[in-house]
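The values are calculated or read from the model by the stated rules, or taken from the named source; none is laboratory data. Because the structure is predicted, anything quoted here is derived from the model rather than measured. Cβ atoms come from the backbone with ideal geometry, glycine included; neighbour counts cover every protein chain shown. Surface areas here come from the heavy atoms of the whole protein model, side chains and all, with no ligands, DNA or RNA. Shrake-Rupley method; radii C 1.70, N 1.55, O 1.52, S 1.80 Å.
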Amino acid sequence: MAFNFDQWIDRHHSDSLKWRKYRARDVLPLWVADTDFRSPPAVIDALHQRVEHGVFGYGAEPEELFAVVKARMAERYQWQIETEWLVLLPGVVAGLNLCVRAFTAPGEGTFAPTPIYPPFRLAAQWAQRDQINLQMRQENQRWVMDLTAAEMQRRGNEKLLMLCNPHNPGGTVYRRDELEAQLRFALRHDLIVCSDEIHSELILEPGLRHIPFASLNEEAAQRSVTLISPSKSFNIAGLGASLAVIPNKALRQRFNEARRGVVPQVDILALTAATAAWRDGQPWLDAQLAYLRSNRDWLCQQINALPGLHVTPPEATYLAWIAARLPGVASPAAWFEQHGLGLSPGREFGDDGFVRFNFGCTRATLEEAVARMRRAVEATV
């Protein structure tokens, strides 16, 4: 089946958070991490069927979804998981916040890389926990975490290591030796590991594959919470359905206690969409990856030809992390917005010298965005 990712779908007057932000202005929104692509036909068909049923009472445990997830993890990553390890969540961000609250107490702290997408930083802030930011650095055209520096930064009260794999922003897909180094760091300092793997199905670089942190070995499994969702890969973020995979029974109990009475159950339509996406959506996902890979390659070539801008091609995700050192420009995001581009400000991720650019859009939109970016750069000369 052919899928048309060049199809323009007008979201200006919809309920889209992304497009409503600039509804009254001529600004292309390329910020929040959803795409402009129509969701897979398999998902839309499943939702139609469920809506036609016409009764939307309380839902039971989604046995089919659990079976699909277990089969998918085994097939893609050779990771054998058990049904009892799975905890349903209405979003990965809820999982990040629950991990901070479940596994740290007042006066204890967390580790998280920087730059990192804002919910990592906010989860510690909202729980009033300290957070040590582990600096990401460029190495061989990749963004990697500096664990050597982390040894010097630690205070001794840290209980939680928060990881993002693939990394957002930057798009790093961690290799096995890098994950093993993260595990050794966690073992050395007796840390529980929260691994956000929401972008794990959006690997763009040929030859790379995602490795779940918990799949490394039993030591990794027994001290980790893995957060997964089909929301980014199948563009169903507005239908919040995510899972925490927690092999350790004691950690799972603490996690569930933290959510009790506060975090709601997952919507039945969200469960329908998630099941259909993971069960039947792979042909669509494969086609989307080819389209995103082409967008990435063209965008990076264009960006790196502009003075004052540089981007390291992301190995995964549809998010480009662009260094913007423009003469006389204090805030690159604000400058680009003045010239018709709505990008994510780097300061929200920990570095105001960058912007994050969402290239999960039609090629026509991407070409217009680059034209506007070029005009913005030329205006600084």
Leading residue by the ranking (surrounded by the most Cβ atoms within 10 Å (Cβ to Cβ)) among those in segment 72-83 that are outside any helix (DSSP H, G or I) and of a type in the set (A, V, I, L, M, F, W, C): Ile81
Where residues in segment 151-182 are under 14 Å from Thr104 (Cβ atoms) and outside any loop (DSSP other than H, G, I, E, B), which of them is most open to solvent (accessible area, probe 1.4 Å)? Lys159
What pairs come up if the first residue lies in segment 72-83 and is in the same structural domain as Thr275 (by the TED database), the second is assigned to a helix (DSSP H, G or I) and buried (at least 17 other Cβ atoms within 10 Å of the Cβ), and their beta carbons are under 6 Å apart, counting only those six or more places apart or on different chains? Arg72/Trp278; Tyr77/Ser215; Trp79/Met73; Trp79/Ser215; Ile81/Lys70; Ile81/Met73; Thr83/Phe66
Regarding segment 122-131, can at least one residue be identified that is part of a strand (DSSP E or B), open to solvent by 10 Å² or more (accessible area, probe 1.4 Å) and of a type outside the set (A, V, I, L, M, F, W, C)? yes
Filtering segment 293-319 down to residues that are assigned to a strand (DSSP E or B) and in contact (Cβ under 8 Å) with a residue 60 or more places away in the chain, which residue is surrounded by the most Cβ atoms within 10 Å (Cβ to Cβ)? Leu319
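To keep it simple, each residue is scored yes or no on (1) touching a residue at least 40 places away in the same chain (Cβ under 8 Å); (2) in contact with a strand residue (DSSP E or B) (Cβ under 9 Å, 6 or more places away or on another chain); (3) of a type in the set (Asp, Glu).
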| site | (1), (2), (3) |
| --- | --- |
| Ala124 | no, yes, no |
| Gln135 | no, yes, no |
| Asp146 | no, yes, yes |
| Glu151 | no, no, yes |
| Asn157 | yes, yes, no |
| Leu161 | yes, yes, no |
| Val173 | yes, yes, no |
| Asp177 | no, no, yes |
| Ala181 | no, yes, no |
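Each row is one residue, and each column tells you yes or no for (1) on the phi > 0 side of the Ramachandran plot; (2) crowded, with 18+ Cβ neighbours inside 10 Å; (3) of a type in the set (Val, Ile, Thr).
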site	(1), (2), (3)
Thr35	no, yes, yes
Gly54	yes, no, no
Trp85	no, yes, no
Leu96	no, yes, no
Glu108	no, no, no
Being surrounded by 15 or more Cβ atoms within 10 Å (Cβ to Cβ) and either at pLDDT below 95 or closer than 17 Å to Pro206 by Cβ (or both) is the filter here; which residues of segment 268-292 pass it? Leu285, Ala287, Gln288, Leu289, Tyr291, Leu292
Candidate set: segment 183-241, residues that are of a type in the set (Gly, Ala, Ser), assigned to a loop (DSSP other than H, G, I, E, B) and open to solvent by less than 10 Å² (accessible area, probe 1.4 Å); chosen: the one nearest to Leu160 (Cα to Cα): Ser229
Could you check, for segment 8-22, whether at least one of its residues is surrounded by 18 or more Cβ atoms within 10 Å (Cβ to Cβ), aromatic (Phe, Trp, Tyr) and touching a helix residue (DSSP H, G or I) at 6+ places or on another chain (Cβ under 7 Å)? no
Test result for Ala323, open to solvent by 20 Å² or more (accessible area, probe 1.4 Å) and not assigned by the TED database to the domain that holds Leu227: no
